[in-house]
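Derivation of every value follows stated rules applied to the coordinates shown; laboratory data play no part. These figures come from a predicted structure and were not determined experimentally. Positions of Cβ are generated from backbone atoms using ideal geometry, with glycine treated the same way; all protein chains shown enter the neighbour counts.
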Amino acid sequence: MKPAPFDYVAARSVEHAVELLAGDTDAKVIAGGQSLMPVLNMRLGRPELVVDIGRLDVLNHVRISDSGALLVGATATQAQVLAHPDVNRGWPLLATAVANIGHPQIRNRGTICGSLAHNDPAAELPATAIVLDATLRIQSSRRIRTVPAEQMFVGPFMTALAPDELLVEAEFPPPPAGAGWSFREFATRPGDFATVGAAVQLVRRDGVVADARLVLFGVGGSATRAHSAEEALTGSSPSRVEDQVRAQLEAELDPADDVHASAGLRRDLAEKLTIDAIAEAWARCA
Amino acid sequence: MTDGNSSGFFGRSLARVEDDRLLRGQGCFVDDLDIPNVVDIAFVRSPYAHARVLSIDVTAARTMPGVVAVYDGASVVDRIKPLTNSEELRVPEGIAALNPVVKIQPAPILAVDEVNYVGQPIAMIVAETRYLAEDALEVIEVEYETLPAVLDMEAALEPDAPLALQGEADNIGVYVRHGIGDVPAGIAAAAAVVEETFATQRYVAAPIETRGMVAQSDPFTGGLMVWSTTQTPHRVRDHVAESIGLSVDEVRVQSVDVGGGFGQKGILVVEELLVPFAAHDMGRAVRWIADRHENLTADAHAREQVHHITLAADADGYLLAVKDRIVVNLGCRNMVGLVVPYNALCHLIGPYKVRNVDLEATGVLTNTTFTSPYRGAGRPEATFAMERAMDRLAAKLQMEPAELRERNLIRPDEMPYRTGLLDRRGLPQEFDSGDYPEMLSRAIDMVGLSEFRQKQELARHEGRHLGVGFALYLEMTGLGPFEGARVEVMPSGRVRLYTGAPSQGQGHRTVFAQLLADALGVNLTDIDVVAGDTASIPYGVGTIASRALVTAGNAINQAGGLLKQRVLTHAAEFLEAEVADMQLEGGRISVKGTPAVQLSLAELIRIIPKLAGGSGSDGLSETSYFQPPNYATASGLHATIVEVDPATGRLDILDYVVVHEAGRIVNPMIADAQVVGGVGQGIGGALSEHMQYDDQGQPITSTFMDYLMPVSSMVPDIRLDEIVCPSPTNQLGVKGLGEGGAVGPPAALANAVEDALQPFDAIVRSGPLSPSRIRDLVRDP
Amino acid sequence: MGALRMSFRGSEGPIHPTTPPLSEPSGWHDISLTVNGEPVSAQVESRLLLTDFLRHRLRLTGTHVGCEQGSCGACSVLLDGVAVRSCLTLAVQANGRDLRTVEGLAGPDEPLTTLQQAFHEQHGMQCGFCTPGFLMSLAGLAEHGGTPSSDELDEHLAGNFCRCTGYVNIRKAARQAFGLPDPEEASRD
């Protein structure tokens, strides 16, 4: 299938890009194209204008800020992030999540921010952004604002981005000292979108969970924190409250049947992956 | 003529002559052809599973940018005859005696009154590019009145079911019943009876290259030139000529490089008549390349079958009776008749001896895409039913499944073996050769069955679930009625081989050249193979049904021998020697005993026109057709060891073994790769491939994101062994090989999974064995 | 051997691409890029896919189309040295970039590369339609330099479909090309 006709502009600057987004034409941003191109090729989306931000060097960074946060620019590819030594050292959960995305070819073009802006419910990155408490920097011709990851992902394929807004950067704060982490995913074939996945970060203090962040994806809706399971976990050691955690997950999860997996399988997998991820994260806690 | 014992090129794993240009990206697939001023076609396709077409307005499309022509149903209905795959629909006399039902339901070229499946073509747009053609599709206005859609094939058989095809009396497209002996008596005498339902899901063959065609009117003769992905070029030629009203002499179809066929490109579809028609009508070169969405939703589907099967055995496990009621989903109309249903029926009991058999096959119409043969063409489905039933019987008798099989196998000293049934030709079914007990014994050794059972027990105590499964099948290969070969010496002295059986990856250019090199006495590198050009040989059938090696191969052997005779006769004349003293080896003609006197083929062919005297029959060219006297019965046994994780539904294949038997092997490397390739497809179907519709008849697995093809990690390294039982049905002793790999895996893997999940009392009744399904087997057996 | 194709497409020096049809409604753009080491200047419409640019405008038909959704990998090429799906790339996005296709692996008078030769020796191809995609995926891996691990190799094969071979011989070819031992050999130690 071939895309419907559209006009194309290679944005000269971020300001140019957001000016185009603010205009009257129905415009979509393209960077790596791994999410947008299948949509265009199948004519599921018909923007009038495609704004290419791929040439903007100012958005191509993967670097550490003065405060020790990881800053990932809009056009930095998943492969770039994966290859960055600081990422593997300081944000191993992010590195693991990215390594689970698709295949090397997809990662060579796909961008971190592009995946976040697309918010496919089976994607790894939105869940990762939430569990790592990322902040998204969003620019339009009106203003620049920041949105915490927890408020960014409002529903499947829907984010807090307005039509005239561009996600320009994702900021990942350094994880709490001694935090344990785990990222687990189940996919039918390697490289497939996840059937279900869990991203977990735990902080241990005085032998119990002092802070728990559990994010599941692929279980219906957008990636979300499993708040009541987190509550059940906080203040105890994981093995002691495993049944309560399971019960909370069971109560919270309401996945649907689809062509890839039954609701029952998603629920079972979500529980199993989360319990396993909790155990792994706990073992990694300092 | 070689007696097949020649030790020249036969039996050698020679690297392929096809590879170099393909590796360099110099292949010429149909979309690679550089045809000046070619225009591109796109089709408007029905968005409804079943509807009346009330009106269609193409006027807006005609004025869209770059549009050259638009055709709708009304504009072609009187100009192109509807499509019937007549060769496939033909009922042989012997089968006619069974009073089968084979409804003739011609496919309308472009729908006029009614659409019967999502994807049915309604209008054809011809434009400067595919992009522009797709733009124009969107402004075509069609008014539909939806009709009830019949989707479930067993529901379609209910008396009050809506009709999938208006004007028909019911939803039955095909029906046949056939048997021997007294099944009720067999069942009554049985100590163990298994009654089960086993289903195979809907698949799509989905070669990586989709179907396509380029057609052009010859500017001088007005004849039609068609380049096609077809597996059956002569049939395409004949249908195109007939449908459009041209003489068969004026249509030329040429197979180019083809990126896989597997049967999907082995039947005609209406688009393949419309493309040449458009070229002829417009006097322009036109091109149609199906995109993947069309390939998955609107090109032939396959394999959806249900078997309601009963096995009856005595206390020792000897089969007393087999009864099977088979239901086959034909899709929107009967396209290829008894091919798949009867193939399933006559292969059902496989290599087992049973004298009371009652088999019934019904092909049902539903408002889904039409179905056609796909690698195995009914045999994977039949093998799934029978081999699953055998394992259920073994469970009932508390017998090792391999042991149950062993007891019922036809023995090699009983060959040739007559089942008492009729084969697809309507003649007594006879298996020519094979050694099934040896095959089973080898497979048991290769997987180490007894050690495995111990290991399995230990693993169970550790909470791990391992299982072993077997699947045994035979295949009647080398389908007739004929195939041909024409061989000739070219002015350069090179030898050219023409045949009607083109290649879609099977390496015909190498394998056929090996046969000819031996039969004629030239080097492999002296030979060029042109397969699938209808102008080069007047008749052909094609590459389907594991037939090419047997039929084309033997035709080549015959033709090569005849050509050799001609060469030696002419050379003897020229050299004034006795024909009996002449020899042709390595492309050099010589007189025995006088090695100094030599002649090349290039020299000979130059001399012939000037050679006075002789018989007057000059020329170094021979055509030969081979009519197989019977099928050549190949067989295979798959054995697999798996581990199942009940918590996740994950299945790991720990070992996969195939012992195959396909007569004498021309090129072992290519033969093994055909088996492994088939296994890859079989594993895909066993584990993840499933073409699905929703309850409105909308295809929901319409992209590769949802129709899950097997990838490298899903196919382990396959261990192969082979038995050779040369076929007595042909001089070369060869049998067909291309499909078997795909026949075994769904059964073998299902048997292994059920074995692994025995503690859960799981019974595997259908595929694919996705994580969801495995979880369900564990949770709700 | 095989008298079927006389000329090697792409061998005539700088490539002269054809232009978009006049009736194409989306805007045209001038692009300049390097293709297999040769400079190319062309006009392309906004929506033209890189696959179609290569195949139909530059007549480099070695890159194949299998799905146009990014699933099958038949269209893989190297864009600035890394393997990408050309069906998910707009031709206009290749402006200023370095592109390498299967035709660029071995020139018409050159022997096959180690990688291509391995596919030939291990019978890692049947119909050959998916083969350029595999070759370019693996060429992308080779760009990293060094010897990949067995897992890395498997990862770089995971994004390409083959319907004919069942993958076994493709893995053998890839291992041979990268100098990795056969798993059977490896386990024998």
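The table below lists the values:
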| read-out | value |
| --- | --- |
| Inter-site label distance for B:Arg719 and B:Ile700 at 7 Å from Cα along Cβ, in nm | 4.0 nm |
| Estimated vicinal HN-Hα couplings, Hz - segment C:167-177 in sequence order (Karplus 6.51, -1.76, 1.60; Gly, Pro = x) | 6, 4, 6, 5, 4, 4, 4, 5, 5, 4, 4 |
| For A:Ser262, distant residues with modelled amide H under 5 Å away | B:Ser772 |
| Per-residue HN-Hα couplings for segment A:34-44 [Karplus 6.51, -1.76, 1.60; θ = phi - 60°; Hz; x = Gly/Pro] | 6, 8, 6, 4, x, 5, 5, 4, 8, 6, 7 |
| Using θ = phi - 60° and Karplus 6.51 cos²θ - 1.76 cosθ + 1.60, couplings along segment B:42-53 (whole Hz; Gly, Pro as x) | 9, 10, 7, 10, 4, x, 10, 6, 8, 7, 8, 8 |
| Shape category assigned to segment B:573-612 from the gyration tensor of Cα positions, a/c cut at 1.5 | oblate |
| Global form of chain B, assessed from the alpha-carbon gyration tensor, a/c cut-off 1.5 | oblate |
| Theoretical FRET efficiency, 1/(1+(r/R0)^6), r = Cβ-Cβ of B:Asp182 and B:Glu406, R0 25 Å, to 0.05 | 0.45 |
| Of the trypsin sites (Lys or Arg not before Pro) in segment B:517-595, those whose Cβ has at most 11 other Cβ within 10 Å and which sit in DSSP loop | B:Lys592 |
| Cβ-based charge dipole, chain B, positive-most Cα from B:Tyr436, B:Val579, B:Tyr352 | B:Val579 |
| In degrees, nearest ten, helix A:263-284 long axis to first principal axis of chain A (Cα) | 70 degrees |
| Peptide C:114-126 - average C-beta neighbours from other chains (10 Å radius) | 5 |
| Virtual paramagnetic centre 7 Å along Cα→Cβ of B:Gln692, amide N under 17 Å, in segment A:95-132 | A:122 |
| Rh by Kirkwood over Cα pairs, then Stokes-Einstein D for segment B:206-297 at 1.306 mPa s and 10 °C, µm²/s | 121 µm²/s |
| Of the DSSP H helices in chain B, those whose Cα atoms cover at least 30 Å axially and whose Kyte score averages -1.0 or more | B:548-575 |
| Among A:102-112, C:144-154, the order from most to least packed when residues are scored by Cβ within 10 Å on average | A:102-112, C:144-154 |
| Qualifying GluC sites (Glu not before Pro) in segment B:547-587, DSSP loop, other Cβ atoms within 10 Å at most 11 | B:Glu576, B:Glu578 |
| Amide hydrogen neighbours beyond the local backbone of B:Gln120, cut-off 5 Å, H modeled | B:Ser46 |
| Cα-based shape type of segment C:114-188, given that a ≥ b ≥ c are square roots of the gyration tensor eigenvalues and the cut on a/c is 1.5 | oblate |
| Shielding by partners - mean other protein chain Cβ count within 10 Å, residues of A:177-189 | 2 |
| Selected from A:Asn100, A:Asn119, A:Asn41 as most flexible by GNM, with chain A as the system and alpha-carbon contacts under 10 Å | A:Asn41 |
| Residues C:Val77, B:Val659 arranged by fewest to most Cβ contacts within 10 Å | B:Val659, C:Val77 |
